[in-house]
Amino acid sequence: MAAQTFGRMKDGSPVSRYRLVRPRLRVDILDYGGVISGIDTPDREGNWTNVVLGARDVAGYEASDAHFGAIIGRYANRIAGGRFSLDGRAYQLPLNAGGSTMHGGTSGFDRRIWRVIRADDASLVLAYRSIDGEERFPGNLDVEVAYTLSDEETLRIDYTAWTDRPTIVNLTNHSYFNLSGEGSGDVMRHRVAIAADHYLPTDAGQIPTGEIRPVAGTAFDFREPEALGTRIRDADPQLALAHGYDHTFVLRDPGPLRHAASALDPSSGRRLDVATTQPGLQLYTANMLDGTVVGSGGQLYRSGDAVCFEAQGFPDAPNQAQFPSTVLRPGELFAATTTYRFSVD
């Protein structure tokens, strides 16, 4: 596969774009942040369009805090106060989300150039070494992320990581999906289902309270397909705190790759099915997009213009012993897989 020039960062570093192709799916990926900059797939009439949000150029990605389509690490989501203890030693991370650390700090994995290990028409493998002390995380962490397209119109993302010192790791992809097409307006008519009986309520700083709350009888019940907009304006304090959905759902049957969520756009017939090995799925309705970001298609993005399905470990897990551990030690391998399958109903 020949790399295409996408532009240069502010420091002059070149950024390349790679295209993966299958008969009914095209995926563009940057070596900057491992960003998925485009996913093109047909609707029920055979019309192709890009179904993920993104920036127009490298400068747009560098200027934005939206993390469009990027690999998130070293720790996805929030860590309360930016503090955690590991083996009796306390660590203080940079604060970049009020009083917390979010998505790896001020310069996380989404703002780094990744090294290309392998590239062909159906797969791309990227690698990055996060050095000991980067964003004040302990240990050298070597990460590989493999993107693979199958003949079933599925994008598979495999994450692996290993370390030379005890550390914490939580990796995800932050793609914003609009199955009607990037820049086409809000996704409130998308019918979403999530394979979860519980979710994690948060405090005012959007840090999990520690409670694992049943979804039954709440605005968070997506056990059966429901339009995103049906209950998003309910007078639920959790929705008010986040200005919409921005919560981790506790997926059933942790362990092997299993179905996690689906989304159907009635207007185009496009359907997305998400499967993962991760214990949690962050549902995010792009609440912080405020009409100031110009997207890849030239439109302004606003709140609700996309939905994210971020398969990951639990937020603030290093400080909450009842959550699945996100600690990685020397000799261990972090491994996680998430798949996104596109079809038409």
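Here, each number is a calculation from the coordinates, and none is a lab measurement. Note that the structure is a prediction, hence the values are computed from the model and not measured. Please note: Cβ atoms are built from the backbone with ideal geometry, for glycine as well, and neighbour counts cover all protein chains shown.
Near Y147, within a Cβ-to-Cβ distance under 10 Å, what is the net charge of the other residues, with Lys and Arg +1 and Asp and Glu -1?
Values: positive: R156; negative: D158.
Once positives and negatives cancel, what remains is 0.
If each DSSP helix of 4+ residues adds -39,500 (n - 2.57) and the sum is divided by the residues in the chain, what number results at 222 nm, nearest 500 deg cm²/dmol?
-1000 deg cm²/dmol
Using alpha-carbon positions, what is the distance between the centroids of region 124-166 and region 47-77, in Å?
17 Å
By how many nm would the segment from A3 to W48 lengthen if fully extended, with 0.36 nm per residue of separation less the alpha-carbon distance?
Gain on stretching A3 to W48: 13.9 nm.
Using mean Cβ contacts within 10 Å as the protection proxy, how do 160-169, 293-302, 83-92 order, highest first?
With the highest mean Cβ count within 10 Å placed first, the list reads 160-169, 293-302, 83-92.
Would you calculate the separation in nanometres between label points at D65 and V294, each defined as 7 Å from the Cα along the Cα-to-beta-carbon direction?
Spacing of the two 7 Å Cα→Cβ label points: 2.2 nm.
What are the semi-axes of the equivalent ellipsoid for region 247-345, taken as the square roots of 5 times the Cα gyration tensor eigenvalues, largest first, in whole Å?
Equivalent ellipsoid of region 247-345: 29, 19, 12 Å, largest first.
Give me P(r) over the chain, computed from all C-alpha to C-alpha distances, binned every 20 Å, as integer percentages.
32, 62, 6
Grab the Cα-Cα distance for R136 and R223, subtract it from 0.36 nm times how many residues apart they are, and report the gain in nm with one decimal.
Difference between extended and current length: 27.4 nm.
Sticking with the crude label model, points 7 Å out along Cα→Cβ, report the distance from T106 to V327 in nm, one decimal please.
If labels sit at T106 and V327, their model points lie 2.9 nm apart.
Check H247: other-chain or 5+ apart residues with amide H under 5 Å from its amide H, H built from backbone geometry?
Under 5 Å from the amide H of H247 lie the amide H atoms of L283, each far enough along the sequence or on another chain.
Counting Lys and Arg as +1 and Asp and Glu as -1, what is the net charge of the other residues whose Cβ lies under 14 Å from the Cβ of S325?
Local charge sum for S325: -2.
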